[in-house]
Amino acid sequence: MANVRLEDIKRRFNNVTAIEDITFEIPDGEFWVLVGPSGCGKSTILRTIAGLETATSGKLFIGDRLVNNIPARQRDVAMVFQNYALYPHMSVAQNIGFGLQMRKVDRKIIQERVMNVARSLSLDHLLDRKPKQLSGGQQQRVALGRAIAREPQVFLLDEPLSNLDAQLRDDTRAELKQLHQELGITTIYVTHDQVEAMTLADKIVVLNRGRIQQIGDPQTIYASPANQMVATFLGSPPMNILPAIYHNNGFDVSGQLLTIPAVVKEKLQLRQEHSYDLGIRPEHIFINERPSGFTVAYNAGSPNRQEENESQLIVEVKVVEPLGRETLIRAGLPGSAVVLNIQVGADVRPRPGDRLS
Ligand code: ADP
């Protein structure tokens, strides 16, 4: 096992800078997730760590060893790809044991380790099958098994679940997390899926356009995003961003005055007549039945909430999506193009056209 340290890594392809200013250190045994939209540089970072790409500049350490010029094979890392890349003519057992065989490990030891790995991934009854006789989920587990059997210092996973259907993806995600808890191998995981990032990571690295936007544990990043990109990327439905102008001690949002609690006002040094973007998570909005007053709250929310800490906007319901355990509402601010995502309890069922507060 080993820590992984990147110091000011940059990678250019001809005139395109794919990644730059990439600096972080993953402590031994942690599970880090690189997340961001397509093309933000996630795979390039992972491939650089694997040795499949060369950094244009910067330093890369695995453990205490500077590995910039060490070939992939000698880095003691194992990478799992989204397309599994299994050898079609080999059995499951041969696929899992392949890395060991290449290293001329004793036959007996290979057999033993393949069996152990297969058991831990529930593949032990499939050892004689060929990859094409397996489901997608089983193939992906074989690919994982092959990586695990090598007992690498570092695990690199590039969107390993993206070819699996939803149910299998959830199951395999949980298995991966459990596997990491058991093995404790330093793991770097690339995904564009924010749910995977939030659920798997000890630390998330959010990337955009080849640069790090924020590094932190999932909850911190969710609660205190460093910028609008991070704020809107993590969370589903995404955070609402409302353009507003501060005046008269409140925010003018499309002609409505949104008052704000004194505690918030004290924290932010707001400037009169200045433009702001207000970020409001869908689950932080509550709905009152009638447009004015606080008479009936639909939402269970927090029963003891202080009315003076609430701010109101009138919205017009456009779309209502009951999702079983919650209801998603899309609602517009009258007379403007601004649309809000609102996430409330399953019992809240307004109708399109309703005006709510
Ligand atoms: P991600 O994994 O986040 O989707 P990538 O790391 O694959 O992003 O790509 C980052 C950027 O680098 C993209 O703009 C991509 O087009 C570019 N890029 C990646 N690999 C190459 C390459 N071999 N040649 C040229 N450009 C590349």
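Things to note:
- Region 1-45 - residue that is among the small types (Gly, Ala, Ser) and assigned to a loop (DSSP other than H, G, I, E, B) and, of those, farthest from the ligand (Cβ to nearest atom): GLY29
- Screening ASN299 on (1) modelled with pLDDT of 90 or more; (2) outside any strand (DSSP E or B); (3) in contact with a strand residue (DSSP E or B) (Cβ under 7 Å, 6 or more places away or on another chain) shows it passes everything except condition (1).
- Verdict on ALA78 being within 23 Å of LEU207 (Cβ to Cβ) and within 14 Å of the ligand (Cβ to nearest atom): no
- For region 60-73, filtering for residues that are more than 16 Å from the ligand (Cβ to nearest atom) and either over 26 Å from the mean Cα position of the chain (by Cα) or surrounded by fewer than 14 Cβ atoms within 10 Å (Cβ to Cβ) (or both) leaves 9.
- Residue in region 133-151 that is at pLDDT 95 or above, surrounded by 15 or more Cβ atoms within 10 Å (Cβ to Cβ) and either under 16 Å from TYR84 (Cα atoms) or outside the structural domain of LYS42 (by TED's automatic domain parsing) (or both) present: no
Results for (1) modelled with pLDDT under 95; (2) under 16 Å from LEU333 (Cα atoms); (3) out of contact with any Leu (no Cβ under 9 Å at 6 or more places or on another chain), shown as yes or no for each residue.
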residue	(1), (2), (3)
PRO218	no, no, no
ILE221	no, no, no
MET229	no, no, yes
PRO237	yes, no, no
GLY250	yes, no, no
GLN256	yes, yes, no
LEU270	yes, no, yes
LEU278	yes, yes, no
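- Wholly enclosed helices (runs of 4 or more DSSP H) of region 156-270 bearing at least 2 residues buried (at least 17 other Cβ atoms within 10 Å of the Cβ), within 13 Å of the chain's Cα centre (by Cα) and within 16 Å of the ligand (Cβ to nearest atom): 194-200, 228-233
- Check on VAL117, β-branched (Val, Ile, Thr), without any contact (Cβ under 8 Å) to a residue 40 or more places away in the chain and away from the ligand (no atom under 16 Å from the Cβ): yes
The values are calculated or read from the model by the stated rules, or taken from the named source; none is laboratory data. Remember, it's a predicted structure, so these values are computed and weren't measured experimentally. Every residue, glycine as well, gets a Cβ built from its backbone with ideal geometry; the counts of neighbours run over all protein chains shown.
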